[in-house]
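The values are calculated or read from the model by the stated rules, or taken from the named source; none is laboratory data. These figures come from a predicted structure and were not determined experimentally. Cβ sites come from the backbone with ideal geometry, for glycine too, and all protein chains shown count toward neighbours. Ligands, DNA and RNA are excluded from the accessible area calculation, which covers all protein heavy atoms including side chains. Shrake-Rupley method; radii C 1.70, N 1.55, O 1.52, S 1.80 Å.
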Amino acid sequence: RKALKKLLNKIQSVSSAVSLGDATSAQTQAYTWLLEQDPFRYDLSLDRSMNRYTMAVIYYSLNLPRIKKQLFETENECDWIGVTCSAFGKITKINLQNLGLNGTIPSEIQYFAGTLTHVDFSENDIYGEIPDGLYKLRNLNYLYLHHNKLTGTLSSKVSTWKPLKDLYLGNNEFIGQIPV
């Protein structure tokens, strides 16, 4: 009971009440899966539960094909499609390149702010604007978003990506310039 309350508080720290209150949202789908359907839900630490919740939100938001196979058949989230973890089980890379994804990048990606160094969502049909959560990834070295349908302008918050080595944004529908 106490562990469940901690988990709920942690989820509420990365997901808005509005998204959690919408029965059709990726956040509610991930939350429901984690609490009611995840076959490994009783054996996980808070960090592992949050890794699983956050990756499930990303998968649901981007309409990952065969999502159920990932969520129900693979015990360790470090073995899920596109996920690379450190030796300590921290998610450091997400590579979902060219998987036929269509949807929006969820702000929940910010949960990995301290560990994520590599994000590749290139060559899909991802649309919408870059969410604030992506700008919070302070250890990001590589960001590949090229060949999607992303729109809007880039925020001056790109300066939070201090260690960034590679940034590929081409073949989207952005307007304006890259802030320096």
ask   = Exactly one of (1) outside any helix (DSSP H, G or I); (2) over 15 Å from the mean Cα position of the chain (by Cα) is unmet by Lys157. Its number?
value = (1)
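Among the residues of the stretch 95-110 satisfying the criterion of being open to solvent by less than 50 Å² (accessible area, probe 1.4 Å) and either within 23 Å of Leu35 (Cβ to Cβ) or among the polar types (S, T, N, Q) (or both), which is farthest from the chain's Cα centre (by Cα)?
Quick first cut of the stretch 95-110, residues open to solvent by less than 50 Å² (accessible area, probe 1.4 Å) only: 96, 101, 103, 105-110.
Going one step further and asking which of them are either within 23 Å of Leu35 (Cβ to Cβ) or among the polar types (S, T, N, Q) (or both), we end up with 103, 106-110.
Working: Gly103: 12, Pro106: 6, Ser107: 7, Glu108: 6, Ile109: 4, Gln110: 7 Å.
Checked the stretch 95-110; the qualifying residue farthest from the chain's Cα centre (by Cα) is Gly103.
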First in the stretch 47-60 and closer than 9 Å to Glu77 by Cα, second anywhere and open to solvent by 10 Å² or more (accessible area, probe 1.4 Å) and β-branched (Val, Ile, Thr), Cβ under 7 Å, 6 or more apart = Met55/Val83
request  = Test each condition in (1) of a type outside the set (Lys, Arg); (2) within 30 Å of His147 (Cα to Cα); (3) in a loop (DSSP other than H, G, I, E, B) for Ala87 and report the one that comes out false.
outcome  = (2)
ask   = Do we have Arg66 as open to solvent by 10 Å² or more (accessible area, probe 1.4 Å) and of a type in the set (Lys, Arg) here?
value = yes
task = Examine the stretch 110-128 for a residue that is in contact (Cβ under 8 Å) with a residue 24 or more places away in the chain, in contact with a helix residue (DSSP H, G or I) (Cβ under 6 Å, 6 or more places away or on another chain) and within 17 Å of Arg52 (Cβ to Cβ), and state whether such a residue exists.
result = yes
request  = Answer yes or no: is there a residue in the stretch 157-166 that is out of contact with any Leu (no Cβ under 6 Å at 6 or more places or on another chain) and closer than 14 Å to Thr104 by Cα.
outcome  = no
